[in-house]
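See below for the structure under consideration.
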Amino acid sequence: MNISVLQFPGSNCDQDAFQLFASGLGLPTRFVWHKEKRLVDTDLVVVPGGFAYGDYLRCGAIARFSPIMGAVREHAERGGLVLGICNGFQILCEAGLLPGALIRNSSLEYRCITCDLAVEDAGVAFNTRTVGRRVRMPIGHGEGNFRIDEAGLERLETNRQILLRYVDNPNGSLRSIAGIRNEEGNVFGMMPHPDRCFERFHPSRDGIKVARAVLSKRFPEILKESAA
Amino acid sequence: MKIKVFVTPKKNVLDPQGVAVGHALESLGLLGLRSTRVGKVIELELDGGDSPQFRAQLDKLCRDLLSNPVIEDYHCEITGG
């Protein structure tokens, strides 16, 4: 199980994401610079948080054209796992690998708090059994207000593509959506940071559960390890 | 030729920035304000003339990069083509 964490100019949670998988889960993890054109021997691509390209134009708008994104798209189309966290979620939406878009928080404030999140039953990998009914994860964003047209929203609900909802909506997101998956269930995106809650000194260690649930889509055995 | 690309939030998409600017305009005494939307203008200058092929290319660039069709509309003004 090999993890690749992408690095864009302006990524600032790449080290956190690396540590979540390398030290939190003990998995072989490497960085991949955005100028690379190929992913080598990768099971999960993590698109980390930060401000790729300074969030110029729109969050994620320029990063989606980085050379590595072609390989990420091919990986996703082959059924490979992808997890976008915060700015990574914005990049995946801009790239069309996830539906919808993230706009300015309705408060216009950058919100940096720890949130309670309700876990949804979003398929075999990510659900209340694999993650638990509630998790507590930090957020830190100014553009986390999830938007999608009416038909798209209904598709998300009907297909059970919503992973997480805020208990107390911090940003104005439609239906309090904090994270979604694609229809096929191999591409995951969320504004909350599992990479900021896996050590003893973090506000929770729920990031481990979230990361394991994502990996369980391809590697169901990882859930047994967590029970052991 | 010179091109101005106007990008605006879609009519049915919430524009938190527009709402805040609208409140400020009202607090400065503007009466009868019905709506405020904040967008952006991208100005390009380039060699070469206008053509149907160029319009198609420009349209694609506007959809792919300069705007996000999920939340934004755009239109272009071309001068000196």
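Pairing residues of the range A:16-42 that are modelled with pLDDT of 95 or more with residues that are hydroxyl-bearing (S, T, Y) and surrounded by 16 or more Cβ atoms within 10 Å (Cβ to Cβ), at Cβ distances under 7 Å and at least 6 apart in sequence or on separate chains, gives A:F18/A:T29; A:F21/A:T29; A:A22/A:T29; A:R30/A:S4; A:V32/A:S4; A:H34/A:S66; A:L39/A:S4; A:T42/A:S4. Filtering the range A:83-98 to residues that are small (G, A, S) and surrounded by fewer than 24 Cβ atoms within 10 Å (Cβ to Cβ) leaves A:A95, A:G96.
Being within 13 Å of chain B (Cβ to nearest Cβ), out of contact with any strand residue (DSSP E or B) (no Cβ under 7 Å at 6 or more places or on another chain) and at pLDDT 95 or above is a condition met by no residue of the range A:71-91. A count restricted to the range A:74-103 and to residues that are at positive phi and out of contact with any Gly (no Cβ under 6 Å at 6 or more places or on another chain) stands at 3. When the test is whether a residue is modelled with pLDDT under 95 and within 22 Å of B:T8 (Cα to Cα), A:L108 passes it.
Filtered by the rule that a residue be over 22 Å from A:R181 (Cβ atoms) and touching a Pro at 6+ places or on another chain (Cβ under 9 Å), the range A:15-37 gives A:Q15, A:F18, A:A22, A:H34, A:K35, A:E36, A:K37. Examine the range A:189-209 for a residue that is under 12 Å from the mean Cα position of the chain (by Cα) and among the β-branched types (V, I, T), and state whether such a residue exists. No; the residues of the range A:189-209 include none that is under 12 Å from the mean Cα position of the chain (by Cα) and among the β-branched types (V, I, T). The criterion of being of a type outside the set (A, V, I, L, M) and more than 14 Å from chain A (Cβ to nearest Cβ) does not hold for B:E72. A:H34 meets each of the listed conditions (1) within 17 Å of A:R218 (Cβ to Cβ); (2) in contact with a Ser or Thr (Cβ under 7 Å, 6 or more places away or on another chain) apart from (1).
Okay, residues lined up against (1) within 17 Å of A:P194 (Cβ to Cβ); (2) without any contact (Cβ under 8 Å) to a residue 60 or more places away in the chain; (3) polar (S, T, N, Q):
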{"residue": "A:I62", "(1), (2), (3)": "no, yes, no"}
{"residue": "A:R78", "(1), (2), (3)": "no, yes, no"}
{"residue": "A:G84", "(1), (2), (3)": "yes, no, no"}
{"residue": "A:G88", "(1), (2), (3)": "yes, no, no"}
{"residue": "A:L102", "(1), (2), (3)": "no, no, no"}
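Taken over the range A:8-27, the residue count meeting the criterion of being out of contact with any strand residue (DSSP E or B) (no Cβ under 7 Å at 6 or more places or on another chain) and within 18 Å of A:I222 (Cα to Cα) is 6. Annotation: A:L6 fulfils all but one of (1) in contact with a helix residue (DSSP H, G or I) (Cβ under 9 Å, 6 or more places away or on another chain); (2) surrounded by fewer than 18 Cβ atoms within 10 Å (Cβ to Cβ); the unmet one is (2).
Among the conditions (1) touching a helix residue (DSSP H, G or I) at 6+ places or on another chain (Cβ under 8 Å); (2) over 21 Å from A:R147 (Cα atoms); (3) more than 11 Å from chain A (Cβ to nearest Cβ); (4) not charged (D, E, K, R), B:Q57 misses just one, which is (1). Filtered by the rule that a residue be touching a Leu at 6+ places or on another chain (Cβ under 9 Å), away from every other protein chain (no Cβ under 12 Å) and surrounded by 14 or more Cβ atoms within 10 Å (Cβ to Cβ), the range B:1-32 gives B:M1, B:I3, B:G22.
The values are calculated or read from the model by the stated rules, or taken from the named source; none is laboratory data. Since this is a predicted model, take the numbers as computed values, not measurements. With ideal geometry, Cβ positions are generated from the backbone for all residues, glycine too; neighbour counts draw on all protein chains shown.
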